[in-house]
Amino acid sequence: MMTGRRHVAIFANPAQGQALPALAVIEELVRRGYRVTYATSSEVAGRLALTEATEGRWDVVGFLDDSVAPISLVRGYFADDLPDLVVYDGTAVDVARAVADTWDGLPDDDFVDAEFGRFLTRFGLAFLPEKPSLYRVVPGRVAAY
């Protein structure tokens, strides 16, 4: 499924951390017009589906905690709809890096800029492919997001 909107995949397994930072980022990305897929635990995905939190504005899938091979599941899920950017927290870094390594290309500079990077780091998130100079937090400066 291809659309004109940029696709961001967020990987976070709140079984080991907090879901709220990812949800705040998702809401902001959706507000700005991005298409978002949130890959998380099956428990969190189920709760979000029951509460209708996504309201059809973004997708949530739960398989990071269900499988002995989450990398294969993620690769299969995104095979026909590769994200333009992978965002992750510390609970899903191995899956995010393994999956992003199989995708070609870097996000262009107007998609991933320093302001966007600072916004992500405020919520404990990073992105791939890495552009470390872009998401370094400048002390005393608050991101505009």
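The values are calculated or read from the model by the stated rules, or taken from the named source; none is laboratory data. Quick caveat: nothing in here was measured; it's all calculated off a predicted structure. Using ideal geometry, Cβ is built from the backbone for each residue, glycine included, and neighbour counts are taken over all protein chains shown.
Within segment 19-44, which residues are of a type outside the set (Val, Ile, Thr), in a helix (DSSP H, G or I) and within 17 Å of Ala96 (Cβ to Cβ)?
We begin by selecting, within segment 19-44, every residue of a type outside the set (Val, Ile, Thr); these are 19-24, 27-29, 31-35, 38-39, 41-43.
Those still in the list that are in a helix (DSSP H, G or I) too: 20-24, 27-29, 31, 42-43.
Those that are of a type outside the set (Val, Ile, Thr), in a helix (DSSP H, G or I) and within 17 Å of Ala96 (Cβ to Cβ): Pro21, Ala22, Leu29.
Here's the yes/no breakdown for (1) among the small types (Gly, Ala, Ser); (2) modelled with pLDDT under 80; (3) in contact with a Leu (Cβ under 8 Å, 6 or more places away or on another chain):
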residue	(1), (2), (3)
Val87	no, no, yes
Ala96	yes, no, yes
Asp108	no, yes, no
Asp113	no, yes, yes
Arg122	no, no, no
Leu128	no, yes, yes
Leu134	no, yes, no
Ala144	yes, yes, no
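Just one of the numbered conditions (1) in contact with a Ser or Thr (Cβ under 9 Å, 6 or more places away or on another chain); (2) of a type outside the set (Asp, Glu); (3) not in a loop (DSSP other than H, G, I, E, B) is not true of Leu50: (1).
Of the set (1) in contact with an Asp or Glu (Cβ under 7 Å, 6 or more places away or on another chain); (2) buried (at least 20 other Cβ atoms within 10 Å of the Cβ), all apply to Val87 but (1).
Across segment 45-61, the number of residues qualifying as under 21 Å from Trp103 (Cα atoms) and not charged (D, E, K, R) comes to 2. One residue stands out among those in segment 1-18 that are at pLDDT 85 or above and over 11 Å from Asp89 (Cβ atoms): the one that is farthest from the chain's Cα centre (by Cα), which is His7.
It is to be established whether one or more residues within segment 19-42 are hydrophobic (A, V, I, L, M, F, W, C) and over 14 Å from the mean Cα position of the chain (by Cα). Before you say what the answer is, go through the steps one by one.
Here is the first cut: in segment 19-42, the residues hydrophobic (A, V, I, L, M, F, W, C) are 19-20, 22-26, 29-30, 36, 39.
Restricting the remaining residues to those that are over 14 Å from the mean Cα position of the chain (by Cα) gives none.
Scanning segment 19-42, I find no residue that is hydrophobic (A, V, I, L, M, F, W, C) and over 14 Å from the mean Cα position of the chain (by Cα), so the answer is no.
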